[in-house]
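> Have a look at this one.
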Amino acid sequence: MLQTSANLVWFIALPLFSSALLLLAGKKANSWGHVLATTVSASTFTIGIIEFLAMQARPEENRAVGQKLFTWISVGAFNVDASLLLDQLSICFVLLITGVGTLIHIYSISYMSHDLDRRRFFAYLNLFIAAMLLLVLGDSYLNLYVGWEGVGLASYLLIGFWNQKPAYATAAKKAFVANRVGDVGLSLAIMIAFATFGDVSFSGIKAQAESASTTQLTAIGLMLLLAACGKSAQFPLQSWLGDAMAGPTPVSALIHAATMVTAGVYLITRSSFIFDEAPIAQIMVLVVGAVTLLFGAIIGTAKDDIKKALAASTMSQIGYMILATGLGPIGYAFAIMHLLTHGFFKASMFLGAGSVMHGMKDEVNMRKYGGIGKFMPITALTFGLGYLAIIGVPPFAGFYSKDKIIETALNAGGIKGIALGIATLLGAAITAFYMTRVVILTFFGNERWGHKDEPHESPALMLIPISLLSLGSIASGYLLYQGKSLVNWLEPVVNPLKEHHAEELFSPNAVSAMTLTVVAIGIFLAVRKYRGNQLDSAPEKVSIFTTAARKDLFQDSLNEKAFMLPGQSLIKRLLQIDLLVIDGFVRSVGAVSVGAGTKLRALQSGYVRSYALMMVVGALALIATVWIVTA
Amino acid sequence: MSIANYLYLSAILFTIGAIGVVVRRNAIVVFMCIELMLNAANLAFVTFARINGNLEGQVVAFFTMVVAACEVVVGLAIIVTIYRSRRSASVDDASLLKR
């Protein structure tokens, strides 16, 4: 039986209330809106810490707590409560969301200080925090779904925050549509789950999962994977993430790097009881993860927009996490570990990119950067720490989390192990290449910005959150790895001891050596290619591979040819049918009435005498009829 | 004299009234023609009461008279009001509903 905790509702109620207040209060809230939003975010973080400490103090089997808010749906056998569940898995996310979220709120106060709509921005940020917390705290798929849609909405609103630029509004729409495709998967998964188990709560399905047929579990698993692909920008639904960089940089850091895009990893980890029983779905998870981690990495090597390069990197790193979740019970904890460390180092790098943009008049093209390191030393230092973390140099965070994933993949056994091992190692090498490229083009080399104004370091309000996050990118990996703390912590939720891995083909040290070797090769290649003076525009004569990578490996063109254009022509046909057949029918009914009315109107002369005559004639006709009928 | 003659008379009076309503323009005359029709009906009722040897037709005749009295009150009031505002008692002039 779950213990109840009355605190959980505040996780969602506080930011939701603040968001509504800021949106409804209008301009009156302009002066204090950002303070309120940041305070609220910090309070949710405080509640998170309190709950975490309380959870740690409890014995392992009693750590999860729940709270029933109200009975949501009660129809016959279908009962859904709006209730929250805070267990070992959710608390990791709660702390990440509220912690990184609060730092990004603080950063945004300064970053958005010149924006007239700063209050609206903070309202949306709080809306996002509320929805994301609902996503990770919901105790059933249906509650999760509400949060899932909520973060989609917040993401849409924030990508299109500067919707006065049509391209940005289009990017928001693209993200929304791609997410809808995934959302359909999630709703189908919920429907199949209800049809199979008669229940949509995690605990209810978990209890029955082993007795269900593999076919149904595979169907649910594949639909959940589709949902995860949409939200986490995984192949084949990854195309929206690059365009999502149209949003303000703090949004990219919070939503499109640290938290929302990792919701797919959360979904798969949360549904471990389904994937563990559905091997085909699990293999598809592996395929999606491996393809995306290479896809993202390759795209990242060709992007000149610093934010898009980081977005491609996010895609690739989430590919690692998805791949880890596909490795079964042993992988979940490593996926979450990488998710947490990635949340730190990627958020810090995005905020660093924002800081660079702040000092460079919102220029995002890295070809126009160069040599910024000496003007913005703190930004360069923190970005550098994030860089060391993501490429996996010991003892930074990525070394622990990514190596663990590579090690698990290599040890998966058989052809699977070899294929996944090569994919992950190759990914690590390309990651080292493109991140080195970003760092060199931005902070080193010749100055290419082409105007006299020197870049300036950002204000303290921006540097402090970046510094705190980069502390996380230094230490989080070691803290989570040391003594298997995270693995043991998550064990009751994801149950990694069910499967025994007897033989280990590769020892941790061997894997580290291999990883560091490929990373070193990646760095070496990047340094050789990008050292020295660079031009201030991208070279135009490039190989076909570079062209492909610049165009996101033609995913947009494929989507356009395969889905958008046929969809549009289908809609055009349907519109014609609608106009001709359906509207035609309705309109002809109207036309008949109008025509009949016009004809009959002639009878209405307005003269009393003619009406009287009609009555007389009518009465006579009636009498005549009666006479004829009765006679 | 056959009792049917009363019915013939009733029918003639009703016809005269109906033709009057249809052909005359003066509202007062139209009104009188309506009264004529009502009374023709009354005559028919009373005659049928006589033929059937009961009182029901006669009772209805009294009802008709009462209703006719009420109708006269309301109808005359309307005609007088129309005359005051339009200086005309012609029913053809009172055709504003058409527009």
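The values are calculated or read from the model by the stated rules, or taken from the named source; none is laboratory data. These figures come from a predicted structure and were not determined experimentally. With ideal geometry, Cβ positions are generated from the backbone for all residues, glycine too; neighbour counts draw on all protein chains shown. When the accessible area is computed, the model is the full protein with side chains, heavy atoms only, and any ligands, DNA or RNA have been set aside. Shrake-Rupley method; radii C 1.70, N 1.55, O 1.52, S 1.80 Å.
> Go through region A:590-621 and count every residue that is within 11 Å of chain B (Cβ to nearest Cβ) and assigned to a helix (DSSP H, G or I).
Residues flagged as within 11 Å of chain B (Cβ to nearest Cβ) and assigned to a helix (DSSP H, G or I) within region A:590-621 amount to 13.
> Cβ contacts < 6 Å: first residue touching a residue at least 24 places away in the same chain (Cβ under 8 Å), restricted to region A:444-456; second residue basic (Lys, Arg) and surrounded by 11 or more Cβ atoms within 10 Å (Cβ to Cβ), any location; separation 6+ or different chain. Result?
Pairs found: A:Arg448/A:Lys368; A:Trp449/A:Lys368.
> With within 14 Å of another protein chain (Cβ to nearest Cβ) and touching a residue at least 60 places away in the same chain (Cβ under 8 Å) as the only criterion, which of B:Ala11, B:Ala89 stands out?
Values: B:Ala11 fails: touching a residue at least 60 places away in the same chain (Cβ under 8 Å).
On inspection, the qualifying residue turns out to be B:Ala89.
> A further question follows. Determine, yes or no, whether A:Thr292 is open to solvent by less than 10 Å² (accessible area, probe 1.4 Å), in contact with a Phe, Trp or Tyr (Cβ under 6 Å, 6 or more places away or on another chain) and in a helix (DSSP H, G or I). Quick ask: steps written out before the conclusion?
Numbers: open to solvent by less than 10 Å² (accessible area, probe 1.4 Å): yes; in contact with a Phe, Trp or Tyr (Cβ under 6 Å, 6 or more places away or on another chain): yes; in a helix (DSSP H, G or I): yes.
Here the answer is yes, as A:Thr292 does meet what is asked.
> A follow-up question, please. Restricting to region B:77-99, name every residue that is under 23 Å from B:Gly20 (Cα atoms) and not in a helix (DSSP H, G or I).
B:Arg87, B:Ser88, B:Ala89, B:Ser90, B:Val91, B:Asp92, B:Asp93, B:Ala94, B:Ser95
> Mind listing whichever residues of region A:295-314 are in contact with a Lys or Arg (Cβ under 9 Å, 6 or more places away or on another chain) and part of a helix (DSSP H, G or I)?
In the first step, residues of region A:295-314 are kept if they are in contact with a Lys or Arg (Cβ under 9 Å, 6 or more places away or on another chain); the result is A:299-304, A:309-314.
Across region A:295-314, the qualifying residues are A:Ile299, A:Gly300, A:Ala309, A:Leu310, A:Ala311, A:Ala312, A:Ser313, A:Thr314.
> Identify, from the list A:Thr436, A:Thr408, the residue that is modelled with pLDDT of 85 or more, open to solvent by less than 10 Å² (accessible area, probe 1.4 Å) and among the hydroxyl-bearing types (Ser, Thr, Tyr).
Numbers: A:Thr408 fails: open to solvent by less than 10 Å² (accessible area, probe 1.4 Å).
So the residue among A:Thr436, A:Thr408 that is modelled with pLDDT of 85 or more, open to solvent by less than 10 Å² (accessible area, probe 1.4 Å) and among the hydroxyl-bearing types (Ser, Thr, Tyr) is A:Thr436.
> Scan A:Ile474, A:Ile418, A:Ile406, A:Ile440 and give me the residue that is more than 22 Å from A:Lys374 (Cα to Cα), more than 27 Å from the chain's Cα centre (by Cα) and of a type in the set (Val, Ile, Thr). Before you say what the answer is, go through the steps one by one.
On the way: A:Ile474 fails: more than 27 Å from the chain's Cα centre (by Cα); A:Ile406 fails: more than 27 Å from the chain's Cα centre (by Cα); A:Ile440 fails: more than 22 Å from A:Lys374 (Cα to Cα).
Only one candidate passes the filter, namely A:Ile418.
> Do you know which of the residues in region A:295-314 that are open to solvent by 10 Å² or more (accessible area, probe 1.4 Å) and more than 12 Å from A:Val438 (Cα to Cα) is nearest to the chain's Cα centre (by Cα)?
A:Phe295
> Further, regarding this structure: For A:Ala175, are the conditions met, namely being in a helix (DSSP H, G or I), under 16 Å from A:Leu222 (Cβ atoms) and of a type in the set (Gly, Ala, Ser)?
On the way: in a helix (DSSP H, G or I): yes; under 16 Å from A:Leu222 (Cβ atoms): no; of a type in the set (Gly, Ala, Ser): yes.
No; evaluated as a whole, the condition is false for this residue.
> B:Ser95: touching a Lys or Arg at 6+ places or on another chain (Cβ under 7 Å) and either at pLDDT below 95 or among the aromatic types (Phe, Trp, Tyr) (or both), yes or no? I'd like the intermediate steps shown before the answer.
Details: touching a Lys or Arg at 6+ places or on another chain (Cβ under 7 Å): no; either at pLDDT below 95 or among the aromatic types (Phe, Trp, Tyr) (or both): yes.
Here the answer is no, as B:Ser95 does not meet what is asked.
> Next question, about the same structure. With the structure loaded, tell me whether A:Leu381 is in a helix (DSSP H, G or I) and surrounded by fewer than 24 Cβ atoms within 10 Å (Cβ to Cβ) or whether it fails that test.
On the way: in a helix (DSSP H, G or I): yes; surrounded by fewer than 24 Cβ atoms within 10 Å (Cβ to Cβ): yes.
Answer is yes for this residue.
> Also: So, of the residues in region B:20-29 that are touching a residue at least 12 places away in the same chain (Cβ under 8 Å) and either closer than 14 Å to A:Met614 by Cα or open to solvent by less than 80 Å² (accessible area, probe 1.4 Å) (or both), which turns out to be farthest from the other protein chains (Cβ to nearest Cβ)?
So, considering only residues that are touching a residue at least 12 places away in the same chain (Cβ under 8 Å) and either closer than 14 Å to A:Met614 by Cα or open to solvent by less than 80 Å² (accessible area, probe 1.4 Å) (or both), the one farthest from the other protein chains (Cβ to nearest Cβ) is B:Ile28.
> Can you name the residue in region B:37-55 that is surrounded by 15 or more Cβ atoms within 10 Å (Cβ to Cβ) and either among the small types (Gly, Ala, Ser) or within 14 Å of chain A (Cβ to nearest Cβ) (or both) and, of all such residues, is nearest to A:Met615 (Cα to Cα)?
So, considering only residues that are surrounded by 15 or more Cβ atoms within 10 Å (Cβ to Cβ) and either among the small types (Gly, Ala, Ser) or within 14 Å of chain A (Cβ to nearest Cβ) (or both), the one nearest to A:Met615 (Cα to Cα) is B:Met37.
> Oh, and also: Scan A:Leu226, A:Leu217, A:Leu188 and give me the residue that is surrounded by fewer than 19 Cβ atoms within 10 Å (Cβ to Cβ), under 25 Å from the mean Cα position of the chain (by Cα), hydrophobic (A, V, I, L, M, F, W, C) and farther than 19 Å from A:Asp87 by Cβ.
Working: A:Leu226 fails: surrounded by fewer than 19 Cβ atoms within 10 Å (Cβ to Cβ); A:Leu217 fails: surrounded by fewer than 19 Cβ atoms within 10 Å (Cβ to Cβ).
Exactly one of A:Leu226, A:Leu217, A:Leu188 is surrounded by fewer than 19 Cβ atoms within 10 Å (Cβ to Cβ), under 25 Å from the mean Cα position of the chain (by Cα), hydrophobic (A, V, I, L, M, F, W, C) and farther than 19 Å from A:Asp87 by Cβ, namely A:Leu188.
> Which residue is surrounded by the most Cβ atoms within 10 Å (Cβ to Cβ), if the candidates are limited to region A:155-182 and must be more than 25 Å from A:Val288 (Cβ to Cβ) and either among the hydroxyl-bearing types (Ser, Thr, Tyr) or within 12 Å of the chain's Cα centre (by Cα) (or both)?
Per the stated criteria, the residue is A:Tyr168.
> While we're on this one: Residues to consider are B:Met1, B:Met32; find the one that is open to solvent by 60 Å² or more (accessible area, probe 1.4 Å), of a type in the set (A, V, I, L, M, F, W, C) and in a loop (DSSP other than H, G, I, E, B). Spell out the reasoning first.
Working: B:Met32 fails: in a loop (DSSP other than H, G, I, E, B).
It is B:Met1.
> OK, next. Between residues in region A:238-254 that are closer than 25 Å to A:Leu225 by Cβ and open to solvent by 10 Å² or more (accessible area, probe 1.4 Å) and residues that are of a type in the set (Asp, Glu) and assigned to a helix (DSSP H, G or I), which pairs lie under 8 Å by C-beta distance while being six or more apart or on different chains?
Close Cβ pairs satisfying both conditions: A:Ser239/A:Asp552; A:Ser239/A:Asp556; A:Gly242/A:Asp552.
> Given (1) closer than 25 Å to B:Ser10 by Cα; (2) part of a helix (DSSP H, G or I); (3) more than 14 Å from every other protein chain (Cβ to nearest Cβ), where does B:Val74 come up short, assuming only one miss?
It fails just one condition, (1).
> Given the condition buried (at least 24 other Cβ atoms within 10 Å of the Cβ) and either out of contact with any helix residue (DSSP H, G or I) (no Cβ under 8 Å at 6 or more places or on another chain) or closer than 15 Å to A:Val265 by Cα (or both), answer yes or no: does some residue in region A:357-378 qualify?
Scanning region A:357-378 turns up no residue that is buried (at least 24 other Cβ atoms within 10 Å of the Cβ) and either out of contact with any helix residue (DSSP H, G or I) (no Cβ under 8 Å at 6 or more places or on another chain) or closer than 15 Å to A:Val265 by Cα (or both).
> Where residues in region A:197-208 are assigned to a helix (DSSP H, G or I) and open to solvent by less than 40 Å² (accessible area, probe 1.4 Å), which of them is farthest from A:Gly147 (Cα to Cα)?
Applying the first criterion (assigned to a helix (DSSP H, G or I)) to region A:197-208 yields A:197, A:202-208.
After this cut, where a residue has to be open to solvent by less than 40 Å² (accessible area, probe 1.4 Å) as well, the list is A:197, A:202, A:204-205.
Working: A:Phe197: 22, A:Phe202: 15, A:Gly204: 20, A:Ile205: 20 Å.
Of everything passing the filter in region A:197-208, A:Phe197 is farthest from A:Gly147 (Cα to Cα).
> Among (1) touching a strand residue (DSSP E or B) at 6+ places or on another chain (Cβ under 7 Å); (2) at pLDDT 90 or above; (3) polar (S, T, N, Q), there is one condition A:Ser313 misses while meeting the rest; what is its number?
It fails just one condition, (1).
Listed here are the residues, each with its yes/no results for (1) touching a residue at least 60 places away in the same chain (Cβ under 8 Å); (2) closer than 20 Å to A:His256 by Cα.
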{"site": "A:Ala297", "(1), (2)": "yes, yes"}
{"site": "A:Ala302", "(1), (2)": "yes, yes"}
{"site": "A:Thr314", "(1), (2)": "yes, yes"}
{"site": "A:Gly326", "(1), (2)": "no, no"}
{"site": "A:Leu340", "(1), (2)": "yes, yes"}
{"site": "A:Gly370", "(1), (2)": "yes, no"}
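> Still on this structure: Tell me whether region A:216-232 contains one or more residues that are among the polar types (S, T, N, Q), over 19 Å from A:Leu89 (Cα atoms) and free of Cβ contacts under 8 Å to residues at least 60 places away in the same chain. Can you show your working first?
Of region A:216-232, the ones among the polar types (S, T, N, Q) are A:216, A:218, A:232.
With the extra rule that they be over 19 Å from A:Leu89 (Cα atoms), the set shrinks to A:216, A:218.
Subsequent filtering for residues that are free of Cβ contacts under 8 Å to residues at least 60 places away in the same chain retains A:216.
Checked against the condition, which is being among the polar types (S, T, N, Q), over 19 Å from A:Leu89 (Cα atoms) and free of Cβ contacts under 8 Å to residues at least 60 places away in the same chain, region A:216-232 yields at least one hit.
> Please verify whether A:Asp362 is without any contact (Cβ under 8 Å) to a residue 24 or more places away in the chain and either of a type in the set (Ser, Thr, Tyr) or out of contact with any Ser or Thr (no Cβ under 6 Å at 6 or more places or on another chain) (or both), treating the condition exactly as stated. Even if it seems obvious, please write down each step before you answer.
Numbers: without any contact (Cβ under 8 Å) to a residue 24 or more places away in the chain: yes; either of a type in the set (Ser, Thr, Tyr) or out of contact with any Ser or Thr (no Cβ under 6 Å at 6 or more places or on another chain) (or both): yes.
Considered against the rule, which asks whether it is without any contact (Cβ under 8 Å) to a residue 24 or more places away in the chain and either of a type in the set (Ser, Thr, Tyr) or out of contact with any Ser or Thr (no Cβ under 6 Å at 6 or more places or on another chain) (or both), A:Asp362 comes out as yes.
Quick grid of which residues meet (1) open to solvent by 20 Å² or more (accessible area, probe 1.4 Å); (2) among the charged types (D, E, K, R):
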position: A:Ile415; (1), (2): yes, no
position: A:Ala423; (1), (2): no, no
position: A:Asn446; (1), (2): yes, no
position: A:Lys452; (1), (2): yes, yes
position: A:Gly472; (1), (2): no, no
position: A:Gly477; (1), (2): no, no
position: A:Gly483; (1), (2): yes, no
position: A:Pro508; (1), (2): yes, no
